[in-house]
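Presented below is the structure to which this report refers.
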Amino acid sequence: MIASIGWHPVAASSDLPTGHVYQTQLEGQALAVWRSAEGEVNVWEDRCPHRGVRFSIGVAVGNELQCQYHAWRFASGSGACTHIPAHPTQKPAAVIRATIFPVIERGGLVWTRVAEDHSEGTVPLVRDGVVMRALPVNRPAATVEAALLAAELTGATFFVQPLAEGQSVIRGIARDEASLRTLDSALERLRRQLEADHAVI
């Protein structure tokens, strides 16, 4: 397992097909993750600045994300509002924009951080491999990280995404496809044990 400072994987590259907006959380912050037609990955607060509707129920159209409620559109990269259907001839005010977070796509995973000081920490250098399926665990990130270290699983590099209080997601990059089934089974056992231990406390 590789520990990262501030930066965490919040989606797999494969979670972002054309037009789809992926919903997740990081440290209690709701996120909408999507890819533009030009391939740019965006991680935004999952909240339209107009009426607070979740961006994740909207749709990515070309290089813009369209809110489901009033069809306002926001530009990839900047998050700036580009179109308001009720006022089609007017340029939206510059202050109308989505809240965006820094993003790096590496190793088949999408990485971001939500801390105010975005300058601290770096995304880990990870070797190429096979991205494993995400495994949610109803336990705090620190507990899951400790269990992964103790398990000493080989054949993959693991990361823990802290969703919210008491909830995490294990993400991993396996060395090869041949090891996926064994690793998946090991992680399932680890999850069951962690959640069972918590249930009897």
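Values quoted throughout were computed directly from the atomic coordinates according to the rules given, and no laboratory measurement underlies them. The structure displayed is predicted, hence computed values, not measured ones. Ideal geometry is used to build each Cβ from the backbone, glycine not excepted, and the neighbour counts take in all protein chains shown.
The 3J(HN,Hα) values that the Karplus relation (6.51, -1.76, 1.60; θ = phi - 60°) gives for the range 63-79 are, in residue order, 9, 9, 10, 9, 5, 6, 6, 10, 6, 5, 10, 10, 7, 4, x, 8, x Hz. Gly and Pro appear as x. Dividing the Cα radius of gyration of the chain by 2.2 N^0.38 Å, with N the residue count, gives 1.12. Amide H contacts of ARG106 (H built 1.01 Å from N, in plane; Pro and chain starts excluded): TRP111 sit under 5 Å, all sequence-distant by 5 or more or on other chains. Helix 141-151 and the long axis of the chain differ in direction by around 40°, with both axes built from C-alpha atoms.
Ellipticity at 222 nm from helices only: DSSP H runs of n ≥ 4 in the chain, each -39500 (n - 2.57), divided by the residue count, give -5000 deg cm²/dmol. Toward the positive end of the charge dipole of the range 8-101, with +1 on the Cβ of Lys and Arg and -1 on the Cβ of Asp and Glu, the farthest Cα among PRO92, VAL61, HIS8 is that of PRO92. Around the Cα centre of the range 21-105, unit charges on the Cβ atoms of Lys, Arg, Asp and Glu (plus for the first two, minus for the last two) sum to a dipole of about 360 debye. Give the shape of the range 100-168 as rounded, prolate or oblate, defined through the alpha-carbon gyration tensor: a ≥ b ≥ c are the square roots of its eigenvalues, a/c under 1.5 means rounded, and otherwise the shape is prolate if a/b is larger than b/c and oblate if not. Judged from the Cα gyration tensor, the range 100-168 comes out oblate (a/c at least 1.5, b/c at or above a/b).
Kindly state, to the nearest 0.05, the FRET efficiency for ILE57 paired with ALA178, given R0 = 41 Å and r defined as their beta-carbon distance.
Details: r = 38 Å, r/R0 = 0.94.
Given R0 = 41 Å and the Cβ-Cβ separation, E is 0.60.
Evaluate the charge dipole of the chain about its Cα centre and quote only its size in Debye, nearest 20, assuming +1 on the Cβ of each Lys and Arg and -1 on the Cβ of each Asp and Glu.
The dipole of the chain has a size of about 460 debye.
Scanning residues 5 or more positions from ALA80 or on other chains, those with amide H under 5 Å from its amide H are ALA75, ALA98, with H placed 1.01 Å from N in the peptide plane. Residue-wise HN-Hα couplings along the range 192-198, as the Karplus relation 6.51 cos²θ - 1.76 cosθ + 1.60 with θ = phi - 60° gives them from phi, are 4, 5, 4, 6, 5, 4, 5 Hz; Gly and Pro carry x. Shape verdict for the range 15-72, please, from the Cα gyration tensor: rounded (a/c under 1.5), prolate (a/b greater than b/c) or oblate. Cα axes put the range 15-72 in the oblate bin. Taking the chain, the Cys residues with no second Cys beta-carbon under 4.7 angstrom are CYS81. Here the calculated FRET efficiency for LEU125 and HIS70, from their Cβ-Cβ distance with R0 = 45 Å, stands at 0.60, rounded to the nearest 0.05. Comparing Cα centroids, the range 1-56 and the range 122-143 end up 16 angstrom apart.
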